[in-house]
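Heads up, the thing below is written out as structure tokens.
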Amino acid sequence: MTSLHVILSENCQRWLMSSKKYLLFGDTHCWMYSIEWQQRGLPHAYMLVWLQQKIQATDIDKVISAELPDPHIDPLLFDIVKRRMIHGPYEI
């Protein structure tokens with residue numbers, strides 16, 4: 001196991017324990033995660049959380065979001081995300 005894999009694993013565990021402690025999604029029954037390496041050499045984590053209560057799709061948008069960096073504020077980060085993190089035939 002590489003040191004980067006250990007660091008990512010610790011971060012996943014820390015995030016999952018925080019979500020359980022602060023009831024981010026409600027009471028947690030159990031959870032698991034898997035770390036994989038993408039073809040571009042970047043680590044990728046899949047997380048699965050089982051909840052005690054059913055969560056509605058509209059509630060997820062209150063907690064999870066994704067957005068691109070502002071190309072005017074941080075053009076380098078925007079370029080890195082655009083080249084390395086965007087998959088498929090999407091135009092930005």
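Only the coordinates and a few stated rules stand behind these numbers; no lab work does. As the structure is a prediction and not an experimental result, all values here were calculated from the model. We place every Cβ from the backbone using ideal geometry, glycine too, and count neighbours over all the protein chains shown.
Can you give me the Rg/Rh ratio for the chain, using Cα atoms for both radii and the Kirkwood formula for Rh? Walk me through the intermediate numbers first.
Details: Rg = 16.1 Å, Rh = 15.8 Å.
For the chain, the value is 1.02.
Once you charge only the Cβ atoms, +1 for Lys and Arg and -1 for Asp and Glu, what is the size of the charge dipole of the chain about its Cα centre, to the nearest 20 debye?
About 280 debye.
Summing +1 for each Lys or Arg and -1 for each Asp or Glu among the other residues whose beta-carbon sits under 11 angstrom from that of residue 68 gives -3.
Once the Cα atoms are used to define both axes, helix 3-21 deviates from the longest principal axis of the chain by about 50 degrees. State the answer as a single residue: which of 75, 15, 42 lies farthest towards the positive end of the charge dipole of the chain, with beta carbon charges of +1 for Lys and Arg and -1 for Asp and Glu, about the Cα centre. So the residue furthest toward the plus end is 15. For the cross-link pairs 62/82; 20/82; 21/82, the ones whose C-alpha atoms lie over 27 Å apart are 20/82; 21/82.
With helices as the sole contributors, the chain gives -12000 deg cm²/dmol at 222 nm; each DSSP H run of n ≥ 4 counts as -39500 (n - 2.57), and the sum is divided by every residue. Where does helix 75-84 land angle-wise versus the long Cα axis of the chain, in degrees 0 to 90, nearest 10? The angle comes out at about 70 degrees. Under the simplified labelling scheme, the residue 65-residue 15 pair shows an inter-label distance of 1.7 nm, with each label point 7 Å from Cα along Cα→Cβ. With R₀ fixed at 22 Å, the C-beta to C-beta distance from residue 6 to residue 79 puts the FRET efficiency at about 0.15.
Between residue 72 and residue 54, what length in nm is gained on full extension when 0.36 nm per residue of separation is reduced by their alpha carbon distance? Before the final figure, lay out each step's value.
On the way: separation 18, 0.36 × 18 = 6.48 nm, distance 4.03 nm.
That pair, residue 72 and residue 54, stretches by 2.5 nm at full extension.
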